[in-house]
1. Within 10 Å of each Cβ in peptide B:93-102, how many partner chain Cβ atoms are there on average? Round it to a whole number, please.
2. With the contact rule set at Cα under 8 Å and sequence spacing of 6 or more, what percent relative contact order holds for the range A:133-352?
3. How much net charge surrounds residue B:254 when only the other residues with a Cβ under 15 Å from the Cβ of residue B:254 are counted, with Lys and Arg +1 and Asp and Glu -1?
4. On a 0 to 90° scale, report how tilted helix A:9-30 is relative to the longest principal axis of chain A, with both axes built from alpha carbons and the result rounded to the nearest 10.
5. Roughly how tilted is helix A:224-252, in degrees to the nearest 10 and between 0 and 90, from the longest Cα axis of chain A?
6. What percent of all Cα-Cα pairs in chain B falls into each 5 Å bin, going from 0 up to the bin containing the maximum distance?
7. Rounded to the nearest 500, what is the protein assembly as shown's calculated 222 nm mean residue ellipticity when only DSSP H runs of at least 4 contribute -39500 (n - 2.57) each, over all residues?
8. In whole angstrom, how long is each semi-axis of the equivalent ellipsoid of the range A:66-183, when you take the square root of 5 times every eigenvalue of its Cα gyration tensor and sort them from largest down?
Amino acid sequence: MMFKKNTGSKLLQREQRLAYLLLLPTFLVLIVVALYPLGLVFVTSFTDRTFASPREPNYVGFNNYAQLLSMTIRELPPLIDEETGLQAVDQKTGEPLYERPLRVLPREPRRYREVSQFSFFGKRYVLGASDPDFIKAVWDTLVFTVISVLLETILGLGIALVVNSPFKGRGVMRAAMLVPWAVITVVSARMWQWMLAPTRVGVINVILQGLGLGDGNIAFLSQPEWQLPALIMVDVWKTTPFMALLLLAGLQLIPNELYEAARVDGAGSFRQFISITMPLLRPTMAVALVFRTLDALRVFDLFQVMLAQSRYSMASYNYYQLIGNRAMGQASAIGVIIFIFIFIFAVAYIRLLGVKTD
Amino acid sequence: MAKLANRVLFWIIIGVIIVYLLFPFYWAVNSSLKNENQLMMTPTTFVPRDPVTKELSPTLDNYRAVFQSDQFIRGLRNSAIVASAATLLSLAIGLFAAFALGKLRFKGKTSALYIILSMTMFPQVTILSGLYVVITGLGLTAIPGMVLSYLIFTLPFTVWVLTSFFRDLPVELMQAAQVDGATSFQTFRLILLPLTAPALVTTGLLAFIAAWNEYLFALTFTAIEPASRTVPVAIALFPALVARQEPFGEIMAAAVVVTIPIVVLVLIFQRRIVAGLTAGAIKG
């Protein structure tokens with residue numbers, strides 16, 4: 001667009017050469033810190049390389065991937081009571097008993113262990129995987145991502161709508177919104193870890209008990225059914241304000257005349273929200289959703305600090321495989337899987353929401 | 001009457017939101033002013049109280065301990081070095097790229113923009129092991145290693161935000177310089193660079209916060225070099241003085257100490273930060 005008046009082709013060429021020269025350092029750095037390591041990880045994922053060891057790695061083909069991703073579903077036959085010839089039941093709970101998964105799941109060519117059990121049309125099945133921890137990590141990461149992004153969007157939209165109406169003290173409000181965003185993620189994990197302490201030294205337990213919920217001894221971070229909700233709560237606290245700020249910026253782009261016109265036409269506030277706010281906020285919301293989702297999929301800090309090795313996200317599983325088990329080949333395969341995962345999510349999102357990148 | 005009820009409801013909602021946003025931080029301050037016994041009181045108290053007399057009795061012991069802790073002080077220093085170096089480097093390198101992408105015509109511009117944008121979404125954990133190989137291969141110790149690896153997220157971000165800033169600068173400015181016989185580079189240095197100063201401050205601050213926050217690379221690369229640990233690693237691995245009992249009073253004091261400067265900075269540059277964040281995301 002520039003230099004319209006004297007667009008000589010020579011000038012254009014000079015401009016182009018300058019542009020390439022200016023881009024060179026950035027792309028060199030990105031090659032060194034991103035593309036080359038990515039290539040290395042890809043190659044390493046086909047070997048049994050060990051971390052920080054002089055041993056020569058062997059090429060193992062897709063073995064690491066098969067080990068991580070192999071899954072199978074087997075039917076669990078009912079346990080038959082020898083005396084009655086009927087299905088045995090648990091003495092205490094009265095639940096029908098089934099064969100132990102260990103005896104049903106295959107051991108060759110690799111050993112499968114139980115991920116979960118489910119019933120379907122009156123039959124009992126077990127889902128087995130050769131690396132149940134990884135399968136669980138993928139599942140937990142997905143659940144974490146979907147629920148926390150959903151909550152953040154709803155809460156963020158609510159906060160943005162409230163703050164968007166003019167009132168005294170709006171500046172203070174906006175400043176307060178930046179505080180959770182500015183707290184280091186590790187620090188917020190530690191702060192919440194302390195608030196979620198499993199006895200009444202933890203403020204959340206005290207508050208819940210005061211509201212008549214729980215016995216004041218809920219172990220949020222060690223009871224499996226509480227772990228994900230607790231982490232989602234922390235993530236929602238930390239990132240909702242960011243979402244709200246983005247949506248607020250989007251709201252402020254909507255011209256006021258539209259609302260005035262709608263009022264003249266007799267549209268109520270709900271109607272205005274549905275036919276003006278939502279459609280016009282869509283592009284902003286789409287971008288915010290993409291950023292937050294991709295961010296949540298690579299969650300590491302919260303899981304590593306608050307749950308350590310009792311429950312993994314994809315990223316923390318990768319870390320522990322590399323540093324704890326020194327299984328570099330396998331960790332690399334996990335890295336590649338995460339990469340593909342995030343890539344698919346990004347493309348799907350951009351297609352689905354029609355985000356414009358220009 | 002309905003109007004008054006509406007107002008009251010509105011302020012209640014505002015109050016709830018503010019409490020929700022600030023309470024965890026208040027709790028950290030509150031806990032940091034308690035001693036070991038006060039922390040273990042059940043039920044916990046909303047201000048530091050004496051376990052026996054129930055009177056208000058805050059203590060600064062945790063802060064004293066934190067400032068005497070070598071690991072924490074070193075962590076602050078390491079973090080400051082690493083985050084500033086990564087920020088300055090990405091500003092220096094990214095500024096050129098952003099100028100080219102925002103104001104020059106060349107073939108392959110769209111693909112270059114796409115590559116930069118996709119880099120901002122890059123899952124860093126993927127390349128953890130590969131990056132480790134690169135860093136040891138280059139013979140770098142933990143601190144320069146972290147600086148280099150942080151460029152993977154600070155650089156694309158810097159380029160992206162600054163590009164949108166350059167794009168918005170009026171073309172007339174450059175045309176005028178052109179008419180006066182300035183080369184593209186002179187235009188950049190004499191006209192555009194001074195204009196970018198505010199954008200540089202904002203972008204730099206955001207990149208600094210991102211680098212200050214980073215945990216995964218820091219944890220991995222300092223695993224065999226504890227002296228190079230940054231603040232997040234130091235806080236995550238805060239040493240327990242009493243066996244098995246985590247020193248939450250001191251951890252909270254450390255949390256408050258590292259959070260306050262960032263919060264103050266963020267509040268000072270509030271408007272610009274919001275503008276920078278939205279430029280990074282919304283114009284995407």
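1. The shielding value for this peptide is 5.
2. After rounding, I find 28 percent.
3. Numbers: positive: A:190, B:34, B:64, B:74, B:77, B:229; negative: B:61, B:70, B:246, B:250.
Surrounding charge for residue B:254 is +2.
4. In chain A, helix A:9-30 runs at an angle near 30 degrees to the longest axis.
5. Between helix and principal axis, roughly 10 degrees.
6. 1, 5, 10, 11, 12, 12, 12, 10, 9, 7, 5, 3, 2, 1, 0, 0, 0
7. On the way: 28 runs with 410 residues, N = 642.
After summing the helix terms and dividing by the residues of the protein assembly as shown, the value is -21000 deg cm²/dmol.
8. 51, 20, 10
The values are calculated or read from the model by the stated rules, or taken from the named source; none is laboratory data. Bear in mind the structure is a predicted one, so any value in this text is a computation, not a measurement. FYI the Cβ positions are ideal-geometry reconstructions off the backbone, even for glycines, and counts take in every protein chain you see. Remember, those area values only see protein heavy atoms, side chains included, never the ligands or the DNA or RNA. Shrake-Rupley method; radii C 1.70, N 1.55, O 1.52, S 1.80 Å.
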